[in-house]
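Reviewing the structure listed below.
The values are calculated or read from the model by the stated rules, or taken from the named source; none is laboratory data. What you are looking at is a predicted structure, and each value in this text was computed from that prediction instead of being measured. Neighbour counts run over all protein chains shown; Cβ positions are idealised from the backbone, glycine included. Note: accessible area is taken over every heavy atom of the protein model, side chains too, but ligands, DNA and RNA are not part of it. Shrake-Rupley method; radii C 1.70, N 1.55, O 1.52, S 1.80 Å.
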Amino acid sequence: DTAVSQTPKYLVTQMGNDKSIKCEQNLGHDTMYWYKQDSKKFLKIMFSYNNKELIINETVPNRFSPKSPDKAHLNLHINSLELGDSAVYFCASSQDRSWDEQFFGPGTRLTVL
Amino acid sequence: GIQVEQSPPDLILQEGANSTLRCNFSDSVNNLQWFHQNPWGQLINLFYIPSGTKQNGRLSATTVATERYSLLYISSSQTTDSGVYFCAVSNKAGKSTFGDGTTLTVKP
């Protein structure tokens, strides 16, 4: 019955590897987001998708590639992982693209060694 | 982009005390939300409040959009209120910006 779910919850990997984080929402929302929270707790938006269409891309390195197979899923693939990618990544969703009330997933803590 | 400033950055309270957290923003916003990030890292919606006043139990929030600020009131604080409180705003383009948060510690 979880509204926004993410897998995995923890991800530990070596520099240079490629990894994916999955996100699913069962709220029937049209818009989904990825956020990055760094070690100082600062939260920044990375991407936003509305009905599988990219609407916001915030100067994120092109090693990060979001993929939305349908409006209930927004996955994040990261190539050639770097130490600075270590962070907590949150997925969120909202009813529409004008950033209606957002609901967040539990987060994925990524550690790059 | 819109600048969001939260104050105070840190707050330590004794259980039972009241507090007010402030969020100032630099431009007109379409939406505003308050979140609580608990010590386990979970982000919990508190209020969706682009304008006006809302109350939920011991918490209430007021946004004065014309003056570009929002306040979050916590009354009779409990240790479970500890964590980081974030204010987040978005403009008409849908781009959201989070403040740096207020870290609240409630001592028993």
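Semi-axes of chain B's equivalent ellipsoid from the Cα gyration tensor, sqrt of 5 times each eigenvalue, largest first, rounded to whole Å? Don't skip to the end; give the middle numbers.
Numbers: eigenvalues 110, 37, 27 Å².
Over the Cα atoms of chain B, the semi-axes work out to 23, 14, 12 Å.
I'd like the interface area for chains A and B: accessible area of each alone minus the complex, both sides summed, 1.4 Å probe, protein heavy atoms only. What is it in Å² to the nearest 100?
Values: alone 6400 and 5960 Å², together 10650 Å².
What A and B bury together is about 1700 Å².
Taking accessible area as the heavy-atom solvent-accessible surface of the protein chains with a 1.4 Å probe, which residues of the range A:65-98 lose no less than 40 Å² upon going from the isolated chain to the full protein assembly?
The answer is A:Ser98.
What accessible area per residue, rounded to a whole number of Å², is obtained for the range B:4-107 using a probe radius of 1.4 Å?
Working: 4740 Å² over 104 residues.
It amounts to 46 Å² per residue over the range B:4-107.
Give me the percent of accessible area attributable to carbon and sulfur for the protein assembly as shown, probe 1.4 angstrom. Kindly include the intermediate steps, with their values, before the conclusion.
Numbers: 5110 of 10650 Å².
Within the protein assembly as shown, the accessible surface is 48 percent carbon and sulfur.
Using Cα positions and a limit of under 19 Å, work out the lysines in reach of A:Lys52, with same-chain residues fewer than 8 apart set aside.
A:Lys22, A:Lys67, A:Lys71, B:Lys95
Ranked highest first by average number of other Cβ atoms within 10 Å, how do A:59-72, B:73-86 line up?
Working: A:59-72: 13.6, B:73-86: 17.5.
Sorting A:59-72, B:73-86 by mean packing, highest first, produces B:73-86, A:59-72.
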